[in-house]
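Here, each number is a calculation from the coordinates, and none is a lab measurement. Being a predicted model, the structure only gives us computed values, none of them experimental. Note that each Cβ is placed from the backbone with ideal geometry, even for glycine, and that neighbours are counted across all protein chains shown.
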Amino acid sequence: MREAGFSFDSVAHMADSSFDIVSKIDRAELDNAVNQASRELDTRFDFKGTGTKLEMAGETIKIESETEERAKAALEVLKEKMIKRNVSLKHLDPSEPQQSGKLTKINVPLKEGISTENAKKVAKLIKDEGPKAVKTQIQGDELRVSSKSRDDLQEVIALVKNASLDFAVQFVNYR
């Protein structure tokens, strides 16, 4: 059905493409990293007899050991396992080691979601340095990016990936 040079195909073609920028933790991979790190602590000679433990407790990973040095080393083991499983270290917010009786404890809260303040920073970055036709919209703890041009969206993904942000980002719902 074509009237006056207008077709329904061109309407469908003009719809914006979009994707969401999110900061989510792959829980299965994080659990695997925590379990692998915990197993390694149980078997490694340099951790024998140090009472070093690593466990998930809700939204926090708890590390404890009889010495501050071993607690810090356990954190490094966890980080190695996370890197191997492609879980960003930017999701971690480790506290300073704290002495509690005979144990040294490190609490490692998990950071997930993009704060409104950070979403505004990313939106500003895209507005200032990205293609002009791109639109951004903050939706809760996510940022929706849309444009008529998929090439513009690819450019934005590259821009955000190369930006030095202090939180992890993933790109989802690309359509």
What is the fewest-to-most order of T116, T43, T60 by other Cβ atoms lying within 10 Å of their Cβ?
T43, T116, T60
Work out the FRET efficiency for T67 and R144 from their Cβ-Cβ distance, taking R0 = 45 Å, and round it to the nearest 0.05.
0.40
Say a paramagnetic label sat at a point 7 Å from the Cα of K127, along Cα to Cβ; which residues of the range 146-168 have their backbone N under 14 Å from it?
none
Nitroxide proxy distance, nm - points 7 Å out along Cα→Cβ at N32 and S88
1.9
Taking Cα pairs closer than 8 Å and at least 6 residues apart, the relative contact order of the range 27-109 in percent is 31
Which value in nm describes the separation of the simple spin-label points at Y174 and S100, placed 7 Å from the Cα toward the beta carbon?
4.3
Can you list the lysines whose alpha carbon is less than 25 Å from that of K62, not counting same-chain residues fewer than 8 positions off?
K24, K48, K53, K72, K79, K81, K84, K90, K102, K105, K111
Which option, (1) 49, 25, 13; (2) 30, 17, 13; (3) 46, 16, 12, is the value of semi-axes √(5λ) of the Cα gyration tensor in Å that was calculated from these coordinates?
(3)
Computed for the chain: size of charge dipole around the Cα centre, +1 on C-beta of each Lys and Arg, -1 on C-beta of each Asp and Glu, debye to nearest 20, value 80
Using 0.36 nm times the number of residues separating D42 and K24, minus their current alpha carbon distance, what extension gain do you get?
3.6 nm
Once you order the gyration tensor axes a ≥ b ≥ c over the Cα atoms, which shape class does the range 27-109 get: rounded for a/c under 1.5, otherwise prolate or oblate by comparing a/b with b/c?
oblate
Rounded to whole Å, give me the distance from the Cα center of the range 136-162 to that of the range 57-132.
25
Taking 0.36 nm per residue of separation between E80 and F167 and subtracting their Cα-Cα distance, the length gained on full extension comes to 29.5 nm
